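The values are calculated or read from the model by the stated rules, or taken from the named source; none is laboratory data. The structure presented is a predicted model; accordingly, all values stated were derived computationally and were not measured. Positions of Cβ are backbone-derived with ideal geometry, glycine not excepted, and every protein chain shown enters the neighbour counts.
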């Protein structure tokens, strides 16, 4: 099953002012657009009529979002796209009218009157409806069968992907999938601002509300580590679903699927630094400060990461005591990954129980993205935890996720 896409039917002159801002707002919610100027870029020389029909008829899109303005209503191509889409309604395709100009201000051609008057299709008004983003997202996802009854969902993280189309692991190609990005274009150097981190979390929370019966979530793609941490936070094992959700992640480097079971990891009394197999950490010195900064880094990257962590920390108005936990640099199997997750959770619980004076436990990590959701999935009782994400260009760190 391909990633959910909606065909964007619009007048080119409306794109920058009206269409692009809406697509930017719904990108973190999983609304992935099919846009002619992007999706037709490798089809130069082929008949445009056929390419547009293929996008609608051959499963690339499950809906058509028509952005209605006074100008758009006069364009023959938009009329034709809507007419093609109307022919597909019987097979589950849906037309989503979005009024940019007020409905009463547009002289509608017959094809639009057919939608609104004879077929009684509901429409959306972004200028006047405060719930527009949520309604639009729910409508797009529902056309692919993603709703409150969905039991399994794949989240493709395209935040740092330079590919316009999501590439899913073969094992998950048959599952419903949505493409999450901060913008419709991924960017390899993306380092979200603090406001954008809040936007990413809000998008995940909205997706959770729209899919209230999930039993399993699959995570793949390229994104800042904090995105993975937020997924584990939003859908943690105590997130109020019918039963704890199973999280599975895809590690690109080893082409492995990693997972964590839905049971709590009761390691707070069992895990000790001196008995750890994989997470190597000394006991912190007596903590008198109210914050401890734990750097959880692969063993071979400590020399590269740690000086930057110290420089950033010392430049802060109130530096924290820095402590280091070293993880294996190579993870050999899904079983190995699961044990590392258990020990990372154990290390964090150990610090929380052993050093209650550390009111806020700050975390900077350098482990694979595929570990991030699996670890944070088990940390609700360990708060307050502040996860910081590296800013690629400056090597500073920004607060990405808070588990209270």
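Any residue at all in region 242-263 that is exposed (fewer than 15 other Cβ atoms within 10 Å of the Cβ), at pLDDT 90 or above, touching a strand residue (DSSP E or B) at 6+ places or on another chain (Cβ under 8 Å) and within 22 Å of residue 32 (Cα to Cα)? No - not one qualifying residue is present in region 242-263.
Could you list, in sequence order, all residues of region 309-329 that are closer than 12 Å to residue 395 by Cα and buried (at least 16 other Cβ atoms within 10 Å of the Cβ)? Spell out the reasoning first.
Residues of region 309-329 closer than 12 Å to residue 395 by Cα: 309-313.
Listed by number, the residues that qualify are 309, 312, 313.
The set of residues from region 67-92 being at pLDDT 85 or above and part of a loop (DSSP other than H, G, I, E, B) comprises 69, 70, 71.
Do the conditions hold for residue 304, that is, is it at pLDDT 95 or above and exposed (fewer than 14 other Cβ atoms within 10 Å of the Cβ)?
Numbers: at pLDDT 95 or above: no; exposed (fewer than 14 other Cβ atoms within 10 Å of the Cβ): yes.
In short, no.
Right, residue 139: more than 12 Å from the chain's Cα centre (by Cα), closer than 23 Å to residue 39 by Cβ and either in contact (Cβ under 8 Å) with a residue 24 or more places away in the chain or surrounded by fewer than 21 Cβ atoms within 10 Å (Cβ to Cβ) (or both) or not? Yes, satisfied. Could we say that residue 380 is within 17 Å of residue 272 (Cα to Cα) and in contact (Cβ under 8 Å) with a residue 12 or more places away in the chain here? It is false that residue 380 is within 17 Å of residue 272 (Cα to Cα) and in contact (Cβ under 8 Å) with a residue 12 or more places away in the chain. Of the residues making up region 1-36, those that are part of a loop (DSSP other than H, G, I, E, B) and either under 17 Å from residue 138 (Cα atoms) or at pLDDT 95 or above (or both) are 3, 4, 30, 31. Taking the conditions exactly as written (in a loop (DSSP other than H, G, I, E, B), over 26 Å from residue 60 (Cβ atoms) and either under 11 Å from the mean Cα position of the chain (by Cα) or touching a residue at least 12 places away in the same chain (Cβ under 8 Å) (or both)), does residue 228 satisfy them or not? Spelling it out, it is not the case that residue 228 is in a loop (DSSP other than H, G, I, E, B), over 26 Å from residue 60 (Cβ atoms) and either under 11 Å from the mean Cα position of the chain (by Cα) or touching a residue at least 12 places away in the same chain (Cβ under 8 Å) (or both). Of the residues making up region 186-198, none is free of Cβ contacts under 8 Å to residues at least 12 places away in the same chain and assigned to a loop (DSSP other than H, G, I, E, B). In region 117-136, the qualifying residues are those that are assigned to a helix (DSSP H, G or I) and surrounded by 17 or more Cβ atoms within 10 Å (Cβ to Cβ), and the one that is farthest from the chain's Cα centre (by Cα) is 132. Given the criteria over 24 Å from the mean Cα position of the chain (by Cα) and at pLDDT below 80, does residue 266 qualify? Criteria met by residue 266. In region 286-301, of all residues being out of contact with any helix residue (DSSP H, G or I) (no Cβ under 9 Å at 6 or more places or on another chain) and either more than 17 Å from residue 351 (Cβ to Cβ) or at pLDDT 90 or above (or both), the one that is surrounded by the most Cβ atoms within 10 Å (Cβ to Cβ) corresponds to 301.
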